[in-house]
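Novice: Before I ask anything, here is the structure I am working with.
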Amino acid sequence: MLKSHNLIFQSLLDSRVKQLMDWNQRKPVIRLNGDKYRTYLRASPRNYSVILMLTALAPHRQCTICREANNEYTILANSWRYSQQYSNKVFFAMVDFDEGPDVFNALRLNSAPMFMHFPPKGKPKKADTYDIQRMGFSAEQLAKWVAERTDVHVRVFRPPNYMGAVIMGLLVVLIGGLLYVRRKNLEFLYNKTYWAIGCLFIVFAMTSGQMWNHIRGPPYAHRNPQTGQVSYIHGSSQAQFVAETHIVIVLNALYVAGMILLNEKAFEVKEIGKRRCMYQCLFVCLFFQYFVFS
(Lines give C-alpha, C1' and ligand atoms only; values in the text may rest on other atoms or scores of the structure.)
Protein backbone atom coordinates (compact mmCIF):
# COMPACT_ATOMS: atom_id res chain seq x y z
CA MET A 1 0.00 0.00 0.00
CA LEU A 2 2.82 2.41 0.93
CA LYS A 3 4.71 1.54 -2.22
CA SER A 4 1.64 2.23 -4.33
CA HIS A 5 1.17 5.59 -2.61
CA ASN A 6 4.80 6.51 -3.27
CA LEU A 7 4.41 5.61 -6.95
CA ILE A 8 1.34 7.82 -7.26
CA PHE A 9 3.14 10.61 -5.40
CA GLN A 10 6.19 10.38 -7.70
CA SER A 11 4.04 10.13 -10.82
CA LEU A 12 2.13 13.29 -9.87
CA LEU A 13 5.39 15.13 -9.13
CA ASP A 14 6.94 14.06 -12.43
CA SER A 15 3.82 15.18 -14.28
CA ARG A 16 3.95 18.65 -12.72
CA VAL A 17 7.66 19.10 -13.37
CA LYS A 18 7.24 17.95 -16.97
CA GLN A 19 4.40 20.43 -17.52
CA LEU A 20 6.41 23.30 -16.03
CA MET A 21 9.40 22.36 -18.19
CA ASP A 22 7.19 22.32 -21.31
CA TRP A 23 5.84 25.78 -20.51
CA ASN A 24 9.34 27.02 -19.73
CA GLN A 25 10.60 25.80 -23.10
CA ARG A 26 8.08 28.09 -24.78
CA LYS A 27 8.53 31.16 -22.58
CA PRO A 28 11.08 31.94 -19.85
CA VAL A 29 8.32 33.44 -17.69
CA ILE A 30 5.36 31.10 -17.10
CA ARG A 31 1.97 32.84 -16.95
CA LEU A 32 -0.32 31.47 -14.27
CA ASN A 33 -3.95 31.98 -13.33
CA GLY A 34 -5.67 31.10 -10.08
CA ASP A 35 -6.07 27.39 -10.82
CA LYS A 36 -2.48 26.93 -12.01
CA TYR A 37 -1.22 28.89 -9.01
CA ARG A 38 -2.98 26.58 -6.59
CA THR A 39 -1.90 23.44 -8.50
CA TYR A 40 1.77 24.18 -9.07
CA LEU A 41 2.68 26.56 -6.22
CA ARG A 42 0.49 25.58 -3.29
CA ALA A 43 -0.40 21.91 -3.66
CA SER A 44 1.95 19.07 -2.81
CA PRO A 45 4.12 17.38 -3.95
CA ARG A 46 6.79 19.86 -5.06
CA ASN A 47 10.55 19.53 -5.35
CA TYR A 48 11.16 22.86 -7.11
CA SER A 49 11.19 26.54 -6.22
CA VAL A 50 9.09 29.14 -8.03
CA ILE A 51 9.86 32.84 -8.20
CA LEU A 52 6.52 34.55 -8.72
CA MET A 53 5.93 38.10 -9.92
CA LEU A 54 2.49 39.53 -9.15
CA THR A 55 1.79 42.41 -11.44
CA ALA A 56 -0.79 44.42 -13.41
CA LEU A 57 0.32 44.85 -17.02
CA ALA A 58 -3.01 45.70 -18.64
CA PRO A 59 -2.90 49.14 -20.32
CA HIS A 60 -5.97 50.38 -18.45
CA ARG A 61 -4.17 49.77 -15.15
CA GLN A 62 -1.61 52.43 -16.12
CA CYS A 63 1.07 50.81 -13.96
CA THR A 64 4.33 52.14 -15.37
CA ILE A 65 6.43 50.54 -12.66
CA CYS A 66 4.84 47.16 -13.49
CA ARG A 67 6.08 47.34 -17.09
CA GLU A 68 9.56 48.38 -15.99
CA ALA A 69 9.73 45.60 -13.40
CA ASN A 70 8.45 43.11 -15.98
CA ASN A 71 11.30 44.02 -18.34
CA GLU A 72 13.91 43.40 -15.63
CA TYR A 73 12.18 40.19 -14.53
CA THR A 74 12.15 38.93 -18.13
CA ILE A 75 15.88 39.64 -18.46
CA LEU A 76 16.51 37.58 -15.31
CA ALA A 77 14.29 34.71 -16.48
CA ASN A 78 15.95 34.69 -19.91
CA SER A 79 19.38 34.64 -18.29
CA TRP A 80 18.40 31.55 -16.28
CA ARG A 81 16.60 29.83 -19.15
CA TYR A 82 19.59 30.02 -21.50
CA SER A 83 22.36 29.49 -18.93
CA GLN A 84 24.44 26.34 -18.71
CA GLN A 85 23.21 25.76 -15.14
CA TYR A 86 19.54 25.69 -16.23
CA SER A 87 17.55 22.94 -14.52
CA ASN A 88 14.12 22.19 -13.07
CA LYS A 89 15.20 23.44 -9.64
CA VAL A 90 13.80 26.95 -10.17
CA PHE A 91 11.01 28.31 -12.36
CA PHE A 92 10.07 31.94 -13.00
CA ALA A 93 6.35 32.65 -13.18
CA MET A 94 3.94 35.56 -13.06
CA VAL A 95 0.30 36.25 -12.21
CA ASP A 96 -1.41 39.27 -13.72
CA PHE A 97 -4.12 40.89 -11.63
CA ASP A 98 -6.64 40.67 -14.47
CA GLU A 99 -5.91 36.96 -14.97
CA GLY A 100 -5.79 35.92 -11.31
CA PRO A 101 -7.48 38.39 -8.95
CA ASP A 102 -8.20 35.49 -6.58
CA VAL A 103 -4.44 35.04 -6.15
CA PHE A 104 -4.07 38.66 -5.04
CA ASN A 105 -6.98 38.19 -2.62
CA ALA A 106 -5.48 34.98 -1.23
CA LEU A 107 -2.14 36.71 -0.62
CA ARG A 108 -3.87 39.88 0.66
CA LEU A 109 -2.09 42.10 -1.80
CA ASN A 110 -3.43 45.49 -2.86
CA SER A 111 -0.43 46.79 -4.81
CA ALA A 112 1.85 45.66 -7.60
CA PRO A 113 4.44 44.65 -8.58
CA MET A 114 5.47 42.11 -5.96
CA PHE A 115 8.01 39.28 -6.03
CA MET A 116 7.66 36.14 -3.92
CA HIS A 117 9.56 32.87 -3.54
CA PHE A 118 7.61 29.64 -3.11
CA PRO A 119 9.94 27.00 -1.65
CA PRO A 120 9.77 23.28 -2.45
CA LYS A 121 8.29 22.53 0.96
CA GLY A 122 6.07 24.54 3.25
CA LYS A 123 4.69 28.04 2.94
CA PRO A 124 6.62 31.20 2.03
CA LYS A 125 8.23 32.96 4.97
CA LYS A 126 8.72 36.68 5.51
CA ALA A 127 12.14 36.59 3.82
CA ASP A 128 10.53 34.97 0.77
CA THR A 129 8.87 38.31 -0.08
CA TYR A 130 11.24 40.61 -1.94
CA ASP A 131 11.61 44.11 -0.52
CA ILE A 132 11.17 46.05 -3.73
CA GLN A 133 10.93 49.40 -1.94
CA ARG A 134 14.41 49.06 -0.46
CA MET A 135 16.23 47.00 -3.09
CA GLY A 136 14.67 48.18 -6.34
CA PHE A 137 13.82 45.72 -9.09
CA SER A 138 16.89 45.55 -11.32
CA ALA A 139 17.67 42.09 -12.67
CA GLU A 140 20.97 42.04 -10.79
CA GLN A 141 19.33 42.76 -7.42
CA LEU A 142 16.64 40.16 -8.08
CA ALA A 143 19.34 37.62 -8.97
CA LYS A 144 21.07 38.20 -5.61
CA TRP A 145 17.79 37.65 -3.78
CA VAL A 146 17.07 34.48 -5.79
CA ALA A 147 20.52 33.15 -4.87
CA GLU A 148 19.84 33.81 -1.17
CA ARG A 149 16.48 32.01 -1.23
CA THR A 150 17.22 29.10 -3.60
CA ASP A 151 21.01 28.77 -3.68
CA VAL A 152 20.76 29.10 -7.47
CA HIS A 153 23.13 31.71 -8.88
CA VAL A 154 21.92 33.37 -12.06
CA ARG A 155 24.39 35.39 -14.09
CA VAL A 156 22.43 38.21 -15.70
CA PHE A 157 22.95 38.73 -19.42
CA ARG A 158 21.47 41.92 -20.77
CA PRO A 159 20.71 42.41 -24.46
CA PRO A 160 23.21 44.78 -26.10
CA ASN A 161 22.24 48.43 -25.89
CA TYR A 162 23.77 50.34 -28.77
CA MET A 163 22.18 53.66 -27.81
CA GLY A 164 24.91 54.42 -25.27
CA ALA A 165 27.65 53.75 -27.84
CA VAL A 166 25.85 55.91 -30.43
CA ILE A 167 25.48 58.81 -27.98
CA MET A 168 29.11 58.52 -26.91
CA GLY A 169 30.23 58.47 -30.56
CA LEU A 170 28.16 61.57 -31.35
CA LEU A 171 29.58 63.32 -28.30
CA VAL A 172 33.16 62.51 -29.34
CA VAL A 173 32.45 63.73 -32.89
CA LEU A 174 30.85 66.92 -31.56
CA ILE A 175 33.76 67.70 -29.23
CA GLY A 176 36.30 66.80 -31.91
CA GLY A 177 34.53 69.02 -34.45
CA LEU A 178 34.41 71.92 -32.00
CA LEU A 179 38.11 71.62 -31.26
CA TYR A 180 38.88 71.43 -34.98
CA VAL A 181 36.84 74.55 -35.78
CA ARG A 182 38.44 76.45 -32.90
CA ARG A 183 41.90 74.94 -33.37
CA LYS A 184 43.49 78.36 -33.84
CA ASN A 185 41.89 79.79 -30.73
CA LEU A 186 41.68 77.40 -27.79
CA GLU A 187 41.54 80.03 -25.09
CA PHE A 188 38.02 78.89 -24.20
CA LEU A 189 39.57 75.77 -22.68
CA TYR A 190 41.06 78.00 -20.00
CA ASN A 191 37.73 79.73 -19.28
CA LYS A 192 36.99 79.26 -15.58
CA THR A 193 33.27 79.84 -16.06
CA TYR A 194 32.92 76.89 -18.46
CA TRP A 195 34.80 74.58 -16.12
CA ALA A 196 32.75 75.80 -13.15
CA ILE A 197 29.49 75.08 -14.98
CA GLY A 198 30.74 71.61 -15.90
CA CYS A 199 31.70 70.91 -12.29
CA LEU A 200 28.28 72.09 -11.11
CA PHE A 201 26.53 69.61 -13.41
CA ILE A 202 28.65 66.79 -11.94
CA VAL A 203 27.93 67.95 -8.39
CA PHE A 204 24.19 68.19 -9.09
CA ALA A 205 24.14 64.65 -10.51
CA MET A 206 26.09 63.14 -7.61
CA THR A 207 24.35 64.95 -4.74
CA SER A 208 20.88 64.24 -6.12
CA GLY A 209 21.25 60.45 -5.98
CA GLN A 210 21.74 59.78 -9.67
CA MET A 211 24.44 57.19 -8.97
CA TRP A 212 22.06 55.36 -6.62
CA ASN A 213 19.49 55.30 -9.43
CA HIS A 214 22.07 53.86 -11.80
CA ILE A 215 22.96 51.06 -9.38
CA ARG A 216 19.51 50.17 -8.05
CA GLY A 217 17.36 50.96 -11.10
CA PRO A 218 14.29 52.39 -9.26
CA PRO A 219 11.11 53.39 -11.13
CA TYR A 220 10.48 57.00 -12.13
CA ALA A 221 7.37 57.16 -9.94
CA HIS A 222 4.77 54.83 -8.47
CA ARG A 223 1.09 54.63 -9.42
CA ASN A 224 -1.23 52.91 -6.97
CA PRO A 225 -3.22 50.36 -9.06
CA GLN A 226 -6.21 50.70 -6.73
CA THR A 227 -6.57 54.48 -6.53
CA GLY A 228 -4.53 55.56 -9.56
CA GLN A 229 -2.65 58.09 -7.43
CA VAL A 230 0.91 58.80 -8.55
CA SER A 231 3.65 59.17 -5.93
CA TYR A 232 6.84 61.01 -6.86
CA ILE A 233 8.36 60.94 -3.36
CA HIS A 234 9.18 57.57 -1.81
CA GLY A 235 7.67 56.90 1.59
CA SER A 236 10.82 55.24 2.94
CA SER A 237 14.10 56.91 3.82
CA GLN A 238 15.94 53.84 2.43
CA ALA A 239 14.79 54.26 -1.18
CA GLN A 240 13.84 56.88 -3.75
CA PHE A 241 12.20 57.35 -7.13
CA VAL A 242 13.94 58.83 -10.17
CA ALA A 243 11.55 61.78 -9.95
CA GLU A 244 13.07 62.70 -6.58
CA THR A 245 16.47 63.00 -8.24
CA HIS A 246 15.11 65.47 -10.77
CA ILE A 247 13.36 67.48 -8.05
CA VAL A 248 16.57 67.72 -6.00
CA ILE A 249 18.58 68.72 -9.09
CA VAL A 250 16.14 71.55 -9.84
CA LEU A 251 16.15 72.76 -6.22
CA ASN A 252 19.95 72.71 -6.04
CA ALA A 253 20.24 74.49 -9.39
CA LEU A 254 17.82 77.22 -8.31
CA TYR A 255 19.62 77.64 -5.01
CA VAL A 256 23.06 77.90 -6.65
CA ALA A 257 21.76 80.26 -9.34
CA GLY A 258 20.25 82.49 -6.65
CA MET A 259 23.49 82.53 -4.68
CA ILE A 260 25.52 83.41 -7.77
CA LEU A 261 23.16 86.22 -8.77
CA LEU A 262 23.16 87.64 -5.26
CA ASN A 263 26.93 87.49 -5.07
CA GLU A 264 27.50 89.02 -8.50
CA LYS A 265 24.72 91.62 -8.61
CA ALA A 266 24.19 92.67 -5.00
CA PHE A 267 27.10 95.10 -4.96
CA GLU A 268 26.05 96.65 -8.26
CA VAL A 269 22.75 97.79 -6.73
CA LYS A 270 23.10 101.31 -5.34
CA GLU A 271 19.72 101.71 -3.66
CA ILE A 272 19.76 100.61 -0.01
CA GLY A 273 16.17 99.30 -0.15
CA LYS A 274 16.82 96.99 -3.10
CA ARG A 275 20.08 95.79 -1.56
CA ARG A 276 18.30 95.00 1.72
CA CYS A 277 15.62 93.12 -0.23
CA MET A 278 18.27 91.02 -1.97
CA TYR A 279 19.91 90.12 1.34
CA GLN A 280 16.52 89.08 2.69
CA CYS A 281 16.10 86.83 -0.34
CA LEU A 282 19.50 85.34 0.46
CA PHE A 283 18.44 84.45 4.00
CA VAL A 284 15.20 82.95 2.68
CA CYS A 285 17.21 80.78 0.27
CA LEU A 286 19.52 79.64 3.07
CA PHE A 287 16.59 78.82 5.35
CA PHE A 288 14.77 76.96 2.56
CA GLN A 289 17.90 74.97 1.72
CA TYR A 290 18.37 74.00 5.35
CA PHE A 291 14.69 73.06 5.71
CA VAL A 292 14.67 70.86 2.59
CA PHE A 293 17.87 68.91 3.23
CA SER A 294 17.81 68.68 7.04
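The values are calculated or read from the model by the stated rules, or taken from the named source; none is laboratory data. This one's a predicted model, so the numbers in the text were calculated from it and none came from an experiment. No Cβ is skipped: glycine too gets one built from the backbone with ideal geometry, and neighbour counts run over all protein chains shown. Side chains included, ligands, DNA and RNA excluded: accessible areas come from the protein's heavy atoms. Shrake-Rupley method; radii C 1.70, N 1.55, O 1.52, S 1.80 Å.
Novice: In Å, the Kirkwood hydrodynamic radius of the chain over pairs of distinct alpha carbons? Intermediate results must be reported in sequence, preceding the final value.
Specialist: Values: mean 1/r = 0.0425 Å⁻¹.
With all distinct Cα pairs of the chain included, I get 23.6 Å.
Novice: For the peptides 169-175, 36-42, what is the packing order when you average, over each peptide's residues, the other Cβ atoms within 10 Å and list the highest mean first?
Specialist: Details: 169-175: 10.1, 36-42: 17.4.
Sorting 169-175, 36-42 by mean packing, highest first, produces 36-42, 169-175.
Novice: Rolling a 1.4 Å sphere over the protein heavy atoms, what is the accessible area per residue of the chain, to the nearest Å²? Write out the running numbers ahead of the final one.
Specialist: Details: 19050 Å² over 294 residues.
So the chain comes to 65 Å² accessible per residue, rounded to a whole number.
Novice: Now for a different question. In nm, to one decimal, how far is the modelled label at residue 231 from the one at residue 251, with both set 7 Å along Cα→Cβ?
Specialist: Going from the residue 231 label point to the residue 251 one covers 1.8 nm.
Novice: How large is log10 of I(q)/I(0) for segment 1-150 at q = 0.10, 0.20 Å⁻¹ when the intensity is taken from the Debye formula with one equal scatterer per alpha-carbon?
Specialist: After summing over all Cα pairs, the log10 values are -0.35, -1.36.
Novice: Taking Rh as the Kirkwood radius, which is the inverse of the mean 1/r over Cα pairs, what is the Rg/Rh value for segment 81-128?
Specialist: 1.02
Novice: Taking 25 Å as R0, compute the FRET efficiency from the Cβ-Cβ separation of residue 173 and residue 206 and round it to 0.05.
Specialist: About 0.40, to the nearest 0.05.
Novice: Could you identify which residue out of 191, 70, 47 has the top mean-square fluctuation in a GNM of the chain using Cα springs shorter than 10 Å?
Specialist: Taking springs between Cα atoms under 10 Å, the residue moving most is 191.
Novice: Would you mind telling me the share, in percent, of accessible area of the chain contributed by carbon and sulfur at probe 1.4 angstrom?
Specialist: Accessible surface attributable to carbon and sulfur in the chain totals 61 percent.
Novice: On the full set of protein chains, 1.4 Å probe, figure out the accessible area of residue 60 and give it in Å² to the nearest 10.
Specialist: It works out to around 130 Å².
Novice: To the nearest 0.05, how large is the calculated FRET efficiency for residue 277 and residue 163 if R₀ is 41 Å and r is the Cβ-Cβ distance?
Specialist: Calculated value: 0.30.
Novice: Under 16 Å from the 7 Å Cα→Cβ point of residue 105, by amide nitrogen: which residues of segment 33-50?
Specialist: From segment 33-50, the list is 33-38.
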